[in-house]
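Engineer: Starting off with a structure, shown below.
The values are calculated or read from the model by the stated rules, or taken from the named source; none is laboratory data. All values reported here derive from a predicted model rather than from experimental measurement. In this analysis, Cβ positions are derived from the backbone assuming ideal geometry, glycine residues included, and neighbour counts consider all displayed protein chains. Ligands, DNA and RNA are excluded from the accessible area calculation, which covers all protein heavy atoms including side chains. Shrake-Rupley method; radii C 1.70, N 1.55, O 1.52, S 1.80 Å.
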Amino acid sequence: MLPRSSPLLFPLTLVALLALAGCAAGSPTGPTPDTTPDAAVDTHGAIAGAAELAEPALGLTSIDAEGRVSHLDLLDESTADLGTVRAPDAVHGDGRYLFAMDGAGVSIVDSGVWTWDHVDHFHYYRAEPRVLGDVEGGGAGGSGGGGVATVATSNSSTTGGTGLFFPESGDAVLLDTEALSKGRIVETFRLAREPGAGLVVPVGSFAAVAAADVLALHAADGTPTGDSADCVDPAGTITTRVGAVIGCRDAALLVHVEDEEPVIERIPYPAGTTAARATAFANREGRPRVAALAGDDGIWILDTRARSWSLIPAPEPLVHVTAVDDADANLLALTRDGRVLVLDGETGAERAASAPLVAESLAAGASAMLVADQQRAYLNGPVEGRLWEIDFADGARIAREFPAERSPAFFVQTGR
């Protein structure tokens, strides 16, 4: 990441300002507390009270084992206390919100920073961060296990929906993301499904509900569209520019919208494969290629644009992989002894490796998380009490190390 005094920052900022000017003449460049954008028009991600910025306000929003939430600003390296939620078992982020899941429900934190993707350029915003509240529905699950909800988000932090599925109760919930952006938690539907594995995945103005071995499409108010597909043992979802991916036992389903109608496409695993299926997908936000572990059998790469899988070898046992999907086809991995590897995303060959960073956390069973961004990767060490910024294009060099004020049990990148 370039320092703010870098001579390269001026032309980048100038390009951003020109893009803002060319996108919508007269669009706000500062807070607009008395103006509520009309939901029927393209507001470029603006909401009342948010300031539009010339560059993304990147940060790491973390939560400790007691549920205390902190936000690290990656530009000035300051840390802010955002409040407290229930102690989580897992978290999910969409670039703006942190969703903290435990056996009782989901707590939602608004980091107050986000990027709005206009395909050929971007808009960047900052508003007041806050803890929004909780969505109940987990039953009596307690900590961990089957009681922890799954959360699925789109690439927009101000429109569409956010999906929650509670495996113990079978509740399938779609939240109004536009309402979230204004500080309100609004359920647009809550459907009763069989308890067990499941997902609610937003797709444009629709939602895919995968439960009891069937994926069914619904309108935002919960009305069935009549479209469905088999999806045995649903696990893992991610949204790319192409559409939403839902992992099933024998395939991935790709759900997208064409001519305002939802479309389901099945992408089966290669014929004859014996490798373990993908159950968790990760990539640099929005990119079409995603990565997943194939158990100990290697690494799955799913190209949502080409509608194809490829299985590449892993150089050693891994606990996590994520696709950068950049010009160099970089693939990042976390080893069982706590090193970050930079791999060739086409062959699996090792390009670089860091020193062991999170060995103690992994040995203790803590949740060390590796997140890919455009030029950097981020890693947390709950036991080590550290957050790292890694330059994966420069030999997995540690660009910055942040001693955390509170142990970062979980984190998400925000502002992107």
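Engineer: Looking only at region 382-395, filter to residues that are surrounded by fewer than 20 Cβ atoms within 10 Å (Cβ to Cβ) and aliphatic (A, V, I, L, M); which one of those is farthest from Leu72 (Cα to Cα)?
Structural biologist: Ala393
Engineer: Do you know which residues across region 283-326 are part of a strand (DSSP E or B) and either farther than 23 Å from Tyr378 by Cα or basic (Lys, Arg) (or both)?
Structural biologist: Of everything in region 283-326, those that are part of a strand (DSSP E or B) and either farther than 23 Å from Tyr378 by Cα or basic (Lys, Arg) (or both) turn out to be Arg289, Asp303, Ser308, Trp309, Ser310, Leu311, Ile312.
Engineer: I've got another one for you. At least 3 residues that are modelled with pLDDT under 95 and open to solvent by 10 Å² or more (accessible area, probe 1.4 Å) in each: list the strands (runs of 3 or more DSSP E) lying fully within region 105-179 that qualify.
Structural biologist: Answer list for region 105-179: 113-117.
Engineer: Just to confirm my filter: which strands (runs of 3 or more DSSP E) fall fully inside region 180-246 and include at least 1 residues that are touching a strand residue (DSSP E or B) at 6+ places or on another chain (Cβ under 8 Å), at pLDDT 95 or above and within 13 Å of His256 (Cα to Cα)? Full working, then the answer.
Structural biologist: On the way: elements: 187-192, 198-203, 206-211, 214-219, 224-230, 237-239.
In region 180-246, the matching strands (runs of 3 or more DSSP E) lie at 198-203, 206-211, 214-219, 224-230, 237-239.
Engineer: I'd like to check something: does region 251-270 contain any residue that is assigned to a loop (DSSP other than H, G, I, E, B) and open to solvent by less than 40 Å² (accessible area, probe 1.4 Å)? It would help to see each step written out before you state the result.
Structural biologist: Initially, region 251-270 is screened for residues assigned to a loop (DSSP other than H, G, I, E, B), giving 259-260, 269-270.
If we keep only those that are open to solvent by less than 40 Å² (accessible area, probe 1.4 Å) too, we end up with 269.
Taking every residue of region 251-270 in turn, at least one turns out to be assigned to a loop (DSSP other than H, G, I, E, B) and open to solvent by less than 40 Å² (accessible area, probe 1.4 Å).
Engineer: Within region 283-297, work out how many residues are crowded, with 19+ Cβ neighbours inside 10 Å and not basic (Lys, Arg).
Structural biologist: Count: 7.
Engineer: In region 181-216, which residues are touching a residue at least 12 places away in the same chain (Cβ under 8 Å), under 18 Å from Ser156 (Cα atoms) and among the aliphatic types (A, V, I, L, M)?
Structural biologist: Scanning region 181-216 gives Ile185, Val200, Val201, Val203, Ala207, Ala208.
Engineer: A further question on this structure: Is there any pair linking a residue in region 283-309 that is closer than 17 Å to Gly247 by Cβ and touching a residue at least 40 places away in the same chain (Cβ under 8 Å) to one that is assigned to a strand (DSSP E or B) and among the acidic types (Asp, Glu), with Cβ under 9 Å and at least six apart or on different chains, and which?
Structural biologist: Pro288/Asp303; Arg289/Asp303; Val290/Asp303; Arg307/Glu265; Trp309/Asp303
Engineer: Output the residue which, of all residues in region 271-282 that are closer than 16 Å to Leu331 by Cβ and not in a strand (DSSP E or B), is least open to solvent (accessible area, probe 1.4 Å).
Structural biologist: Selected residue: Ala278.
Engineer: Still on this structure: Is there any pair with a first residue in region 343-366 that is open to solvent by 70 Å² or more (accessible area, probe 1.4 Å) and a second that is in a strand (DSSP E or B) whose Cβ atoms are under 7 Å apart and which are 6 or more apart or on different chains, and what are they?
Structural biologist: Final answer for the pair search is Thr347/Ile312; Glu350/Leu341; Glu350/Leu343; Arg351/Val342; Arg351/Leu343; Arg351/Asp344.
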